[in-house]
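Following: one structure in structure tokens, then a few remarks.
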Amino acid sequence: MTGSYRIVRIAVPTPLRRSFDYLAPDVGPPPKPGVRVRVPFGQREAMGVLLELPERSDYPREKLKSTLGLLDSEPLLSARLLELLRWAAGYYHHPIGEVMQTALPTALRRGQAATVAGTKGWRLTASGRSVDASALRRAPLQRRLLQALEGHAQGVVGEELASVSPGWRGGLGSLARKGWVECVEQQRCPIPVRLAGQTDSPPRLNAAQQAAVEAVTASLRRFQALLLLGVTGSGKTEVYLHAIEEITRQGRQALVLVPEISLTPQLAARFQRRLQVPVALLHSGLSDQERLLAWLTARENTPLVILGTRSAVFVPLPRLGLIVVDEEHDQSYKQQDGFRYHGRDVAVMRASLEGIPVVLGSATPSLASLNRVKQGDYTLLPLPERTGSASLPEVRLLDMRYLAVTDGVSPPLRQALQQRLDRGEQSLLFLNRRGFAPVYRCYSCGWLAPCERCDARLIVHQRTQRLRCHHCGADRPIPVSCPQCAGQDLRPLGAGTQRLEAALSRAFPQARLLRLDRDSTRLKGALETLLHRIHAGEADILVGTQMLSKGHDFPDVTLVGVIDADQGLYNVDFRASEHLFQQVMQVSGRAGRASKGGLVLVQTYYPDNPVFRALQHHDYMAFAEHALEERRQTDYPPFTHLALLRAESPQQPMAWQFIELAHGLAAQCVAGADVQIMEPVPAPMERRAGRYRVQLLVQAATRRALHPFLDRWLALLDGSRPGKRVRWSLDVDPMDLY
Ligand code: ADP
Ligand code: ZN
Ligand code: ZN
């Protein structure tokens, strides 16, 4: 082969934990790392990302194949982003090719050009502009839409109008029929702009907020991690907004991560009303084209804010100046399959590579982050008070051992609900179990309807008259007689949100109930509609799962009832009490955010548990101290580092065979006492969706000891031949041990 070729190193999407070298024609300027390249791969053609142009390859030159062409002239991923992704691939021991794919929007993964066609927008017609909107008194929605469109000659993307009302589509339709608005093809209106007449002016910060903002903005060109600690309503979001204003004033960009999309409608609107720069949303609810649009916009040098969920941590932002991770303790930051990264941890690493501050905010920070504060790595910024006149709600424990309960609700809780109804205030009941009842039981022989494919019970869904498995999705009709004894006395046992809702509607027939869980929000737009109804005061009692506990601001709620606080208290997971505390404290935070003051009633059979005592005093730090000490004594994270090998197979012996093999290989790789290999065990739910699951935990005193071990071990595992039907994966820093 002649010298007219150069070597390119490519991350090809494949489960193999390595990159691949190819030859590229040596004409023109060298291709830049971060562009997409088409390559032959086995029998197929693949699209990879160019990592680097090595001087020489580890493979003989005559063995290298030639690339098939470049898809981009300019890099899609900047050098810094490539560095972050390569770090993540190494740290999580995940194949580099798959990691690179995670960073690209689907459209680009499919090879689409990195440009976007026009999008549909709406603007006023000439006759629309001549309408006096304020005269439309009988059609308030149409009036608000007209006002929102005023002054936007380029048009406004439909989705932006969602902030006017969830019913915007209907209103817009009426306006179009009158000939007042028209549809326009927009060349480039990637992200929501601020709509006319919707601006908030910032409040005056209190001393603690001021100090926090100053700490963040003091050195904007240097990495530092700041843990903003404050209960719900203490003004954390205000601190983010002020810091972001400072950043964008300098022409730079900010990345704000939030746990779940259910958080974003309100938060996004608040950001858009306050900030002078565009705020783009990035979450799984977007279409491929919308996602591409937001991604491409973020890649430009203009000041803007990206508000997104976990995967937004990989969005290119060439002028990134600040990262915020809101509710940093939230478990949804951890990806639970495939590339199992932790969004918060990657965010901190990204800030460090970029040399910028990262703010982690929470009322109930993870023990991991608190430990970093203790070690002096992170700076703690406490916001000790709720803003304005709002005070912390009073937390009372209801000792369920001595209370007669009907349908899950104790008499004191019932009375408190009645009082709120009489006063016209909202209540919120938290029950982290959807469906009608968690168990369907035969009262003659004790049979409990099982899932045939999982070690789990089927959940009763009353309205549809089905039994469903929440783990594998199995779904069948409710049987009329017992399959075991043919008895007829079959009844649901225990309560989920649907049963609670039904019981409440019997107990308070005049109350307007609203249920918020995965079932009631399945349809697109349903969540927005429900939230809108809550805010419009169209509900008296809200019933819901942890969805209710996440960041929503319900100013009119003055009573929170925690129906079953013990759920999860005596769980096998060492993080169970941490998560229980976080969850209950988060829902408690929904009470009385405005000036009304609030009451939280917690139903428990274990009122003496220290978790609840700390909860009564809103003293997360006291709880955290205690829990950290416990972790230290038991050698659990953050004092050690874990990696979990999981294997599963439809055939139980195959899964075990592999995990035993892995156990043996691990022993060969351990050098020194810093890495401990536990015994293989069945997963806490051994059978799920017809597969047997087993696991093997590795614990190390330091990351420095863990990672070289994992490298050696994975090399052996990759070379081993697990039974054909065995699937396995490695989870670094696993969040749950299931
Ligand atoms: P968090 O993010 O901690 O829940 P927010 O920033 O959302 O708190 O603040 C809660 C409420 O108090 C919001 O309505 C916010 O506008 C208001 N608020 C925040 N800071 C101040 C302040 N310094 N003065 C007056 N109101 C404030
Ligand atoms: Zn029976
Ligand atoms: Zn199942």
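The values are calculated or read from the model by the stated rules, or taken from the named source; none is laboratory data. Given the structure is predicted, the values throughout are model-derived calculations rather than measurements. Cβ sites come from the backbone with ideal geometry, for glycine too, and all protein chains shown count toward neighbours.
Total residues in region 236-258 satisfying the condition of being within 14 Å of Phe271 (Cα to Cα) and of a type in the set (Gly, Ala, Ser): the figure is 2.
Residues in region 200-216 that are in contact (Cβ under 8 Å) with a residue 60 or more places away in the chain and out of contact with any Gly (no Cβ under 9 Å at 6 or more places or on another chain) were compared, and the one that is farthest from His329 (Cα to Cα) is Asp200.
Residues that are surrounded by 13 or more Cβ atoms within 10 Å (Cβ to Cβ) and modelled with pLDDT of 95 or more number at least 2 in the following strands (runs of 3 or more DSSP E) confined to region 13-125: 20-25, 36-41, 44-52.
Only one of the listed residues (Ala614, Ala627) is over 25 Å from the mean Cα position of the chain (by Cα), outside the structural domain of His707 (by TED's automatic domain parsing) and in a helix (DSSP H, G or I). That residue is Ala614. Cys442 meets each of the listed conditions (1) away from ligand 3 (no atom under 13 Å from the Cβ); (2) surrounded by fewer than 17 Cβ atoms within 10 Å (Cβ to Cβ) apart from (2). The residue of region 206-244 that is farthest from ligand 1 (Cβ to nearest atom), among those that are hydroxyl-bearing (Ser, Thr, Tyr) and not in a helix (DSSP H, G or I), is Ser219. Close contacts from region 693-708, counting a first residue that is small (Gly, Ala, Ser) and a second that is in a helix (DSSP H, G or I), with Cβ to Cβ under 8 Å and a gap of 6+ residues or different chains, come to Ala700/Leu706; Ala700/Phe709.
Residues checked against (1) away from ligand 2 (no atom under 16 Å from the Cβ); (2) over 22 Å from Pro412 (Cβ atoms):
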| site | (1), (2) |
| --- | --- |
| Gln484 | no, yes |
| Gly487 | no, yes |
| Arg518 | yes, yes |
| Gly561 | yes, no |
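Taking region 177-220 as the range and being at pLDDT below 85 and touching a Phe, Trp or Tyr at 6+ places or on another chain (Cβ under 8 Å) as the test, the residues that pass are Cys183, Val184. Touching a residue at least 12 places away in the same chain (Cβ under 8 Å), touching a Phe, Trp or Tyr at 6+ places or on another chain (Cβ under 9 Å) and crowded, with 20+ Cβ neighbours inside 10 Å - does that describe any residue in region 408-424? Scanning region 408-424 turns up at least one residue that is touching a residue at least 12 places away in the same chain (Cβ under 8 Å), touching a Phe, Trp or Tyr at 6+ places or on another chain (Cβ under 9 Å) and crowded, with 20+ Cβ neighbours inside 10 Å. Look at Leu172 and say whether it is closer than 20 Å to His532 by Cα and among the aliphatic types (A, V, I, L, M). Yes: the conditions hold for Leu172.
Taking the criterion of being among the hydrophobic types (A, V, I, L, M, F, W, C), more than 16 Å from Arg433 (Cα to Cα) and crowded, with 17+ Cβ neighbours inside 10 Å, the residues of region 516-567 that qualify are Leu527, Leu530, Leu531, Ile534, Ala539, Ile541, Phe554, Val557, Leu559, Val560. Residue pairs whose Cβ atoms lie under 9 Å apart, separated by 6 or more positions or on different chains, with the first residue in region 658-681 and outside the structural domain of Arg727 (by TED's automatic domain parsing) and more than 10 Å from Val694 (Cβ to Cβ) and the second acidic (Asp, Glu) and crowded, with 16+ Cβ neighbours inside 10 Å, do not occur. The requirement of being under 29 Å from the mean Cα position of the chain (by Cα) and either over 30 Å from Gly338 (Cβ atoms) or part of a loop (DSSP other than H, G, I, E, B) (or both) is not satisfied by Gln142. Look at region 134-150: where a residue is more than 20 Å from Cys183 (Cβ to Cβ) and a partner is among the polar types (S, T, N, Q) and buried (at least 20 other Cβ atoms within 10 Å of the Cβ), sitting 6+ places away or on another chain with Cβ atoms under 6 Å, you get Leu136/Gln142. The conditions of being buried (at least 16 other Cβ atoms within 10 Å of the Cβ) and either charged (D, E, K, R) or over 29 Å from the mean Cα position of the chain (by Cα) (or both) are not met by Gln699. When every residue of region 475-494 is checked against the conditions, at least one turns out to be more than 32 Å from the chain's Cα centre (by Cα), of a type in the set (D, E, K, R) and more than 16 Å from ligand 3 (Cβ to nearest atom). Among all residues of region 393-406, there is at least one that is buried (at least 17 other Cβ atoms within 10 Å of the Cβ) and within 16 Å of ligand 1 (Cβ to nearest atom). If I ask for residues that are in contact (Cβ under 8 Å) with a residue 60 or more places away in the chain and among the hydroxyl-bearing types (Ser, Thr, Tyr), which ones from region 69-91 would you list? Ser78, Tyr91, listed by residue number.
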